[in-house]
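Accompanying notes for the structure given below.
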There are 2 protein chains.
Amino acid sequence: MDPRELQIEANSDPNSDTHVYHLALDIGGSLNKLVYFTKDDDHSDDGEVGISPRNTLEKSKASRNHPVLKGKLNFKKFETSKINDCIDFIKTMKLHLGDRQQQESPGNHPISIKATGGGSYKYADLFMERLGITLDKEDEMDCLVAGANFLLEVVDREAFTYMADHKQFVHIDKNDLYPYLLVNIGSGVGMIKVEGDGEFERVSGTSIGGGTFWGLGKLLTKCKSFDELLELSYQGNNRAIDMLVGDIYGGMDYSKIGLSSTAIASSFGKTVSDKKEREDYKPEDIARSLLRMISNNIGQISYLNALRFGLKRIFFGGFFIRRHPFTMDTLSVAVNFWSKGEAKAMFLRHEGFLGAVGAFMSSDKHGLKELLIKQVAQQSPTKLSFSVDKIRSPLDGELNGDESIECSVYAA
Amino acid sequence: MDPRELQIEANSDPNSDTHVYHLALDIGGSLNKLVYFTKDDDHSDDGEVGISPRNTLEKSKASRNHPVLKGKLNFKKFETSKINDCIDFIKTMKLHLGDRQQQESPGNHPISIKATGGGSYKYADLFMERLGITLDKEDEMDCLVAGANFLLEVVDREAFTYMADHKQFVHIDKNDLYPYLLVNIGSGVGMIKVEGDGEFERVSGTSIGGGTFWGLGKLLTKCKSFDELLELSYQGNNRAIDMLVGDIYGGMDYSKIGLSSTAIASSFGKTVSDKKEREDYKPEDIARSLLRMISNNIGQISYLNALRFGLKRIFFGGFFIRRHPFTMDTLSVAVNFWSKGEAKAMFLRHEGFLGAVGAFMSSDKHGLKELLIKQVAQQSPTKLSFSVDKIRSPLDGELNGDESIECSVYAA
């Protein structure tokens with residue numbers, strides 16, 4: 001909805017803060033993710049709205065009192081270290097303001113915005129200071145799971161498998177979705193057993209994640225960005241860096257335990273015996289070994305945790321992946337190898353925005369899920385798929401990750 | 001036994017190769033381990049020898065026909081990349097020769113030596129070329145398990161726990177030893193479920209091992225050796241390198257999921273957001289983070305595999321550890337943390353020589369185990385403990401790992 005309509009609600013309840021429901025933040029250790037709603041001014045619609053079984057009667061009544069606004073959910077990310085760029089963006093887009101488009105002081109009613117991630121604590125003062133808004137904090141795990149469940153249940157062509165350069169969308173039957181293992185790969189990695197809406201448990205994790213890839217990559221190459229390092233890994237070959245089974249066995253397999261000569265015996269193990277210095281190794285080979293080491297490890301630990309709880313499906317999210325074919329391939333192969341084909345690795349198109357979507361959803365007044373579920377029921381999935389003009393696919397070389405979903409919300 | 005006595009046997013059977021039973025090799029990806037027997041000339045003993053229940057009648061008969069020689073099992077390691085230093089050592093010590101002390105050509109009967117590890121294939125030709133000996137290859141896993149079982153069952157004060165700088169020897173009742181998880185940390189890591197003598201299965205492993213620590217450490221610091229890098233890690237602090245939970249949460253814990261502010265959220269994650277170059281980080285801090293990252297990861301994957309098979313005891317071996325207090329502490333804490341105290345991490349004093357001991361044992365004519373078991377039964381454990389003058393304890397700063405065990409063998 002646009003700020004003016006928001007203000008109607010704000011003024012209608014002078015005792016409460018002004019809630020800006022069309023913006024939510026997920027401020028992680030490395031990246032700051034934004035989700036915000038923009039209205040398509042031309043198709044408003046006040047028609048009766050169907051209720052999905054998941055919604056309570058109370059909520060449905062509340063919903064009926066609000067007009068429906070069609071528009072887009074927009075996704076944008078910034079580096080957390082450049083938090084001020086993000087604040088400038090919000091300021092320029094006036095995403096944080098109610099009807100106070102001309103003045104920037106928050107006035108008597110401090111505006112509050114839904115936010116999750118550690119940065120919602122760390123940067124709370126900065127947002128107050130620079131934008132005069134309070135961050136309405138939501139728990140990170142709650143948001144992650146809410147976002148994943150929403151995207152998997154509601155958004156068309158959200159989940160897909162990726163193996164041997166073959167991408168295949170998976171139809172998710174929401175009655176057959178749970179339980180699953182959610183592996184969120186951010187700076188670190190969290191592993192969550194999800195059994196339903198709000199029913200989940202963090203069962204494991206590892207500190208060897210996206211921050212390790214980029215951190216070690218930054219120390220070992222001259223790359224200036226995560227994406228540059230990822231790009232570089234495309235051209236690399238890990239055989240120059242890793243000690244393979246064949247390197248130990250003089251080119252032979254160690255067939256007795258099913259290890260082929262090309263299996264990695266020791267990541268970075270070949271740099272031990274060599275007389276070479278760091279400068280003698282190709283940065284692309286280093287990037288490739290790093291990516292392979294970290295993806296393998298995450299795939300293995302994920303499988304071992306899926307095994308513990310008998311979970312057949314592992315959904316990988318988080319901004320480490322960026323729909324990078326080699327990363328997805330390595331994760332899939334690792335899960336397939338260790339589980340002997342029992343478990344399946346799947347990916348989400350909005351992988352990096354699970355927490356932000358969850359924070360956005362956390363204000364139920366949108367009735368977003370309700371509406372979208374109805375639209376799905378109406379067999380019009382196109383309404384829910386990405387607006388093509390805004391898709392940024394890494395398969396086209398782009399890794400920006402900013403996207404939008406066409407959707408409808410209630411004017412709260 | 002000494003070479004002369006060996007020759008007696010060699011000549012007694014002109015149709016067979018000459019077997020040098022007093023030397024065995026385990027040639028790994030990074031390190032080449034030697035085990036060899038030296039006789040104490042002064043106490044020979046031809047007395048009747050008791051038979052342990054584990055030995056077959058046939059073997060026991062064979063054993064009785066041989067005199068008993070008291071002496072020492074000696075342990076020595078070389079870098080595999082300096083394989084020629086090892087060959088020079090064998091040459092100088094004449095470990096490879098029978099009575100041919102003066103001449104170095106193997107003559108008509110090519111001498112063969114028990115060897116395991118990938119290098120026993122890779123360097124077979126080199127040993128023939130330089131020493132005129134053939135390597136009698138034994139399977140790596142067989143030797144690893146045989147060596148671990150032997151040391152745990154027979155050698156006094158072999159196993160110990162290490163936590164919070166407290167080392168405690170564990171008495172192993174061999175009737176209560178199995179099953180256990182054997183985690184061998186060499187260049188890479190192998191995880192083996194051991195259920196008895198010769199009863200085992202390789203259940204998992206990881207490529208993030210000792211070769212990764214030394215390989216990445218070599219690329220990131222100016223260290224010239226694995227031990228130098230390990231030493232360096234003592235003085236380091238990982239907080240300067242790793243992204244801690246507190247760094248993300250503005251100094252706060254993420255208590256809801258039991259993560260303290262000092263827990264590592266992302267290994268090397270702090271080097272992402274910083275403007276610093278590699279030169280701005282202290283090498284000791286980098287070494288510390290590397291060691292912590294790799295030890296944590298091995299501890300976690302070990303625990304997850306112990307859990308799969310309901311194994312309560314995890315024995316860690318391999319040359320990565322080197323009785324390094326911080327490494328053992330990290331592995332113990334990881335196993336304890338993930339298993340909530342259910343599983344226990346234990347270490348072996350001859351951690352690095354499991355495979356070499358197994359290869360040495362693989363020629364049963366020693367009756368070594370038989371004899372030592374008898375000596376244990378005779379309540380004379382001192383005979384089996386290390387000869388004090390040769391202990392090299394890392395707690396005294398030394399990490400050489402060369403040691404000897406007093407023992408007796410049959411003159412084959």
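Axis between B and A by rotation; chain B residue with nearest Cβ and distance in whole Å recorded as B:LEU304, 2. Of the residues making up region B:284-311, those losing 20 Å² or more of accessible area when the isolated chain is joined by the remaining protein chains, with a 1.4 Å probe, are B:MET293, B:ASN297, B:GLN300, B:ILE301, B:LEU304, B:LEU307, B:ARG308.
For B:VAL333, the label point sits 7 Å beyond Cα toward Cβ; its separations from the matching points on the remaining copies run 3.5 nm, from shortest to longest.
Using the Cβ atoms and a cut-off under 15 Å, what net charge is assigned to the surroundings of B:GLY258, where Lys and Arg are +1 and Asp and Glu are -1? Intermediate results must be reported in sequence, preceding the final value.
On the way: positive: A:ARG202, B:LYS256, B:LYS340; negative: A:ASP139, A:GLU140, A:GLU201, B:ASP253.
Net charge around B:GLY258: -1.
Enter the buried accessible area of the A/B pair, total of both sides, probe 1.4 Å, in Å² rounded to the nearest 100.
Working: alone 18550 and 18510 Å², together 31910 Å².
Its buried surface, counting both partners, is about 5200 Å².
A 25 angstrom limit on the alpha carbon distance is what I want to check against. Which of A:LYS82/A:LYS224; B:LYS167/B:LYS218; A:LYS91/A:LYS222; A:LYS275/B:LYS77; A:LYS218/A:LYS344; A:LYS344/B:LYS256 exceed it? The pairs that break the limit, which is 25 Å between Cα atoms, are B:LYS167/B:LYS218; A:LYS91/A:LYS222; A:LYS218/A:LYS344; A:LYS344/B:LYS256. A straight chain from B:GLU79 to B:MET93 at 0.36 nm per residue would run longer than the Cα-Cα distance by 3.2 nm. For B:ASP280, the distances from its label point to the matching points in the remaining copies are 3.0 nm, ordered from shortest, with each point set 7 Å beyond Cα toward Cβ. For A:GLY205, the amide hydrogen comes within under 5 Å of the amide hydrogens of A:MET191, counting only partners 5 or more places away or on other chains and with H modelled in the peptide plane. The residues packed around A:SER204, meaning those with a beta-carbon under 12 Å from its beta-carbon, carry a net charge of +2 if Lys and Arg are +1 and Asp and Glu are -1. Among the trypsin sites (Lys or Arg not before Pro) in region A:133-241, those located in a DSSP loop and surrounded by at most 13 other Cβ atoms within 10 Å of their own Cβ are A:LYS222, A:LYS224. The heavy atoms of B:TYR121 present about 90 square angstrom of accessible area, all protein chains included, probe 1.4 Å. Residue by residue, region B:117-122 carries 3J(HN,Hα) couplings of x, x, x, 5, 8, 5 Hz when phi is fed to the Karplus relation 6.51 cos²θ - 1.76 cosθ + 1.60 (θ = phi - 60°); x denotes Gly or Pro.
With each label modelled as a point 7 angstrom along the Cα→C-beta vector, the B:SER225-A:THR134 pair spans 6.2 nm. Seen from B:PHE347, the other residues with C-beta closer than 10 Å to its C-beta sum to a net charge of +1, counting Lys and Arg as +1 and Asp and Glu as -1.
Ranking A:GLY246, A:PHE200, A:GLY258 by Cα position along the charge dipole of region A:144-270, where only Lys, Arg, Asp and Glu carry charges on their C-beta atoms, puts A:GLY246 farthest toward the positive end.
Shape verdict for region B:253-339, please, from the Cα gyration tensor: rounded (a/c under 1.5), prolate (a/b greater than b/c) or oblate.
Working: a/c = 2.80, a/b = 1.46, b/c = 1.92.
Oblate, since a/c reaches 1.5 and b/c is not below a/b.
With a 1.4 Å probe and every protein chain left in place, work out the accessible area per residue of region B:153-206 in Å², rounded to a whole number. Numbers along the way, then the final one.
Numbers: 2270 Å² over 54 residues.
For region B:153-206, the solvent-accessible area averages 42 Å² per residue.
Each copy carries A:GLN168; placing its label point 7 Å along the C-beta direction from Cα gives inter-copy distances of 5.3 nm, listed from smallest up. Compute the Cα gyration tensor for region B:235-300, then decide on rounded, prolate or oblate, letting a ≥ b ≥ c be the square roots of its eigenvalues: rounded whenever a/c is under 1.5, prolate when a/b is larger than b/c in the other cases, and oblate in all that remain. In terms of gyration-tensor shape, oblate. Among A:SER81, B:SER261, the sequence by solvent-accessible area, most first, with a 1.4 Å probe is A:SER81, B:SER261.
Residues in region B:304-369 average 27 Å² of solvent-accessible surface per residue, probe 1.4 Å, ligands and nucleic acids excluded. Shape class of region B:120-162 from the Cα gyration tensor (axes a ≥ b ≥ c, square roots of the eigenvalues): prolate, since a/c reaches 1.5 or more and a/b is larger than b/c.
Residues whose amide H lies under 5 Å from that of B:PHE320, counting only those 5 or more places away or on a different chain, are B:ILE185; hydrogens are built 1.01 Å from N in the peptide plane.
Structural descriptor for region B:154-226: relative contact order 19 percent, calculated from alpha carbon pairs under 8 angstrom and at least 6 residues apart.
The values are calculated or read from the model by the stated rules, or taken from the named source; none is laboratory data. As the structure is a prediction and not an experimental result, all values here were calculated from the model. Methodologically, a virtual Cβ is constructed for each residue, glycine included, from the backbone with ideal geometry; neighbour enumeration extends over all protein chains shown. Just the protein is used for accessible areas: all its heavy atoms, side chains included, with ligands, DNA and RNA removed. Shrake-Rupley method; radii C 1.70, N 1.55, O 1.52, S 1.80 Å.
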